[in-house]
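Worksheet: one structure, shown below.
Rule-based calculations on the coordinates, nothing more; no lab input. As the structure is a prediction and not an experimental result, all values here were calculated from the model. Counting neighbours? That spans all protein chains shown, and the Cβs are built from the backbone with ideal geometry, glycine included.
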Amino acid sequence: MRPFTYERALDPADAVARVAAHPDAAYLGGGTNLVDHLRLGVAAPGRLVDVSRLALDRVESRDDGGLRIGAAVRNSDLAAHPSVRHDFPVLSQALLAGASGQIRNMATTAGNLLQRTRCRYFQDVTTPCNKREPGSGCPAVEGRNRTLAILGASEHCVATHPSDMAVALAALDADVVVLGPSGERRIPMADLHRLPGDEPARDTTLDPGELITAVELAPLPAARRSAYRKVRDRASYAFALVSVAAVLEVEDGVVREVRIALGGVAHKPWRATRAEEALRGREATAEGFRAAAEAELGAARPLSENAFKVPMARNAITATLRGLVRAAGERA
């Protein structure tokens with residue numbers, strides 16, 4: 001591990017100033033992802049600015065009925081929060097599906113959003129990786145790619161984003177509040193992460209030095225009927241092969257509102273807009289759910305080892321939506 005300087009920020013503005021003054025500096029929150037990368041040699045910042053003790057650890061109700069979630073709120077606390085469990089159950093379920101209880105007690109909201117891919121080539125510094133060393137190549141394209149992307153990938157990178165929470169927040173149309181050298185701005189969750197294109201080293205649209213300070217959820221009554229489904233190799237402490245976050249409102253057998261996001265299939269949480277468009281105003285039937293899923297997955301480009309993800313995603317979408325219909329006392 002490369003030696004580094006450790007500093008503790010006094011407040012968010014102080015943290016931004018410290019990181020902006022040193023191009024090789026990084027923020028340290030719960031450290032559950034960053035510390036692993038320090039040990040592996042994937043990351044080697046010269047300076048760590050500790051933001052874990054800033055006053056960003058509260059979940060607060062907004063005047064409009066939504067929620068403001070501080071960047072330092074621990075995953076376990078957020079999953080257990082009464083307002084999250086009642087008004088946004090998909091978020092609570094997604095958090096509880098991630099990692100282990102011990103890690104959830106350490107991991108933070110912002111850190112969860114900013115965790116990096118678990119692609120084996122990215123984490124193995126003895127192999128080429130365009131995300132870790134731009135221009136070195138992507139051996140995963142023709143190599144071990146069972147867990148990697150089927151949507152939105154490029155010849156330069158086929159990695160997937162590992163966060164469960166981010167998938168739920170994508171389905172909920174959350175806003176991410178960030179503070180940077182130029183002041184505060186809000187980023188729609190759909191725009192926080194990016195597809196790899198020809199710059200796979202860039203996971204997000206954050207500018208240098210920007211610090212996530214909060215995530216905000218607007219009131220969404222339909223979200224009380226929401227769910228998260230995660231398909232993985234084992235029952236716990238495993239990343240998603242495919243996951244589905246869904247919000248569904250059905251009235252008189254017709255879909256009035258639907259939001260779907262997928263995890264484990266792309267470089268970012270994948271908002272299934274084609275499926276949503278195919279469902280709104282249509283009858284809530286199993287056949288309709290399956291057809292909508294197939295419409296979304298028509299753009300899939302599976303790799304040599306992960307073609308199974310296409311039917312897996314289709315079935316997961318269908319099962320999640322059918323489960324929500326049954327929970328509402330309807331038929332599908």
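Restricting attention to the range 1-48 and to residues that are of a type in the set (Val, Ile, Thr) and touching a residue at least 12 places away in the same chain (Cβ under 8 Å), the residue that is surrounded by the fewest Cβ atoms within 10 Å (Cβ to Cβ) turns out to be THR5.
Collect the residues in the range 43-57 that are of a type in the set (A, V, I, L, M, F, W, C) and not in a strand (DSSP E or B), keeping them in residue-number order.
Of all residues in the range 43-57, those of a type in the set (A, V, I, L, M, F, W, C) come to 43-44, 48-49, 51, 54-56.
Passing the criteria: ALA43, ALA44, VAL51, LEU54, ALA55, LEU56.
Of all residues in the range 311-321, none are part of a loop (DSSP other than H, G, I, E, B) and touching a residue at least 12 places away in the same chain (Cβ under 8 Å).
Of all the residues in the range 1-54, those that are out of contact with any strand residue (DSSP E or B) (no Cβ under 9 Å at 6 or more places or on another chain) and among the β-branched types (Val, Ile, Thr) number 1.
When the residues of the range 239-252 are narrowed to those that are more than 21 Å from ALA159 (Cα to Cα) and in a strand (DSSP E or B), which ends up farthest from the chain's Cα centre (by Cα)?
GLU251
Once the range 253-297 is narrowed to residues that are surrounded by 24 or more Cβ atoms within 10 Å (Cβ to Cβ) and over 22 Å from the mean Cα position of the chain (by Cα), the residue that is farthest from ALA149 (Cα to Cα) is ALA284. Condition test on LEU54, is it out of contact with any Gly (no Cβ under 6 Å at 6 or more places or on another chain), buried (at least 19 other Cβ atoms within 10 Å of the Cβ) and over 21 Å from GLU216 (Cβ atoms)? Spelling it out, it is not the case that LEU54 is out of contact with any Gly (no Cβ under 6 Å at 6 or more places or on another chain), buried (at least 19 other Cβ atoms within 10 Å of the Cβ) and over 21 Å from GLU216 (Cβ atoms).
Show me the helices (runs of 4 or more DSSP H) entirely contained within the range 85-197 in which 2 or more residues are more than 18 Å from LYS230 (Cβ to Cβ) and touching a residue at least 60 places away in the same chain (Cβ under 8 Å).
Details: elements: 89-96, 101-106, 109-114, 120-123, 165-171, 189-192.
Of the helices (runs of 4 or more DSSP H) lying wholly inside the range 85-197, those with at least 2 residues that are more than 18 Å from LYS230 (Cβ to Cβ) and touching a residue at least 60 places away in the same chain (Cβ under 8 Å) span 109-114, 120-123, 189-192.
Can you pull out the residues in the range 298-312 that are buried (at least 21 other Cβ atoms within 10 Å of the Cβ) and either touching a helix residue (DSSP H, G or I) at 6+ places or on another chain (Cβ under 6 Å) or among the polar types (S, T, N, Q) (or both)?
Step one: of the range 298-312, the residues buried (at least 21 other Cβ atoms within 10 Å of the Cβ) are 306, 309.
Of everything in the range 298-312, just one residue is buried (at least 21 other Cβ atoms within 10 Å of the Cβ) and either touching a helix residue (DSSP H, G or I) at 6+ places or on another chain (Cβ under 6 Å) or among the polar types (S, T, N, Q) (or both), namely ASN306.
Look at (1) surrounded by fewer than 16 Cβ atoms within 10 Å (Cβ to Cβ); (2) closer than 28 Å to ALA300 by Cβ and you find that SER243 fails only one, number (1).
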